[in-house]
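Working notes for the structure below.
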Amino acid sequence: MLAPLQQRLARWLSNRIQPQRQPICLDRRHIYILPTSYGYVFASMLFVMFLWAINYSNSMGFILTFLLSAVALNTMWRSHNTLLNLWLRPDGAAPVFAGQDACFGFRLLNPDARPRYGVGLSLESNPQTCRYVDVPPNGEATITLTLAATQRGLLPAGRLRIFTCIPLGLFQAWSWLEFEQVCLVYPRPEGGAPLPLRAAVSAGGDNDGRHTGSEDYTGLRGYVPGDSPRHVAWKASARSSDLLVKRFTDPTRAEIWLDWRLLTPRPTEVRLSQLCLWVLKAETEGRDYGLQLPGVEYPPARGEGHRRRCLEALALYDSARGERR
């Protein structure tokens, strides 16, 4: 009997709540409030007290009953106003690997001169990871919610529930929100194949494998931001107007291609996991590596930007179309 009601509620929420890109301000139309379980017990107690006062015509009983009723009504107003005019905006999500937890950040902004205490946030797809925060007056607070990233691709945060039971826990005010917020999930880095050490031919046809390294000293060059201070030629720089850096080469280091075809005939996800592991290993070893997928090719390079582009291509690869999504 509850299943049809839950399905109708889910359809109603889907039609009413559309994903937003911009920050959302909670107004009166989007804030709901109902008694909590403690609130229903408290209301039952007040009803019993009211019947007792009527039965015994006890004026003090009436006063106590009406006083507690006024307190309860005041807490309902305070719970509602804790969320009223509160701003919420997404704060991004860093990429993760499959099998890890995606972390979605949210920022709460309070435009009023009064603090907002006990504001809770939870994701509909993972209500167990509920977080509470106090928002200072004319300030902001940050909450991070986690969601298990079970498979590669784009993981949406989904609907977000913001609520509060302040001040006495007799009423709960809440609202449903949704942002166009996704987390990029890389394939799980795993596999047993070694790095393919097939050298790549440079644009000029030179394939002697001599690239920037740390073994053989070959001269000096100008300083580039990001160079290690250990490689700065201080004596030579003192005789020159420019800052000079020692140049080294590694004759044994060659460019390598991480080719999709090398893993035939393994399943798609197994190939992507192995390629992901190769990318991480090649980057760790300081090699220049290129990536080849059906419809996607990145020439050999290295660095954080190249690593990020390769992992993104693996995360968004669509096996049905043979290209990125």
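The values are calculated or read from the model by the stated rules, or taken from the named source; none is laboratory data. Given the structure is predicted, the values throughout are model-derived calculations rather than measurements. Backbone-built Cβ (ideal geometry, glycine too); neighbour counts: all protein chains shown.
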- Message: Among the residues of the stretch 168-186, are any of a type in the set (Val, Ile, Thr), modelled with pLDDT of 90 or more and more than 22 Å from TYR32 (Cβ to Cβ)?
- Response: yes
- Can ALA102 be described as under 30 Å from ALA313 (Cα atoms) and not in a strand (DSSP E or B)? no
- Query: Can THR142 be described as within 16 Å of the chain's Cα centre (by Cα) and over 30 Å from LEU272 (Cβ atoms)?
  - Reply: yes
- Message: I'm trying to understand the selection: among the residues of the stretch 255-283, which are out of contact with any strand residue (DSSP E or B) (no Cβ under 9 Å at 6 or more places or on another chain), free of Cβ contacts under 8 Å to residues at least 40 places away in the same chain and not basic (Lys, Arg)?
- Response: THR264, PRO265, PRO267
- Task: Mind telling me which of the residues GLY290, GLY303, GLY286 ends up being modelled with pLDDT under 95, touching a strand residue (DSSP E or B) at 6+ places or on another chain (Cβ under 7 Å) and over 20 Å from VAL185 (Cβ atoms)?
- Result: GLY290
- Message: Tell me yes or no: at least one residue of the stretch 90-98 is of a type outside the set (Val, Ile, Thr), assigned to a strand (DSSP E or B), within 23 Å of ALA157 (Cα to Cα) and at pLDDT 95 or above.
- Response: yes
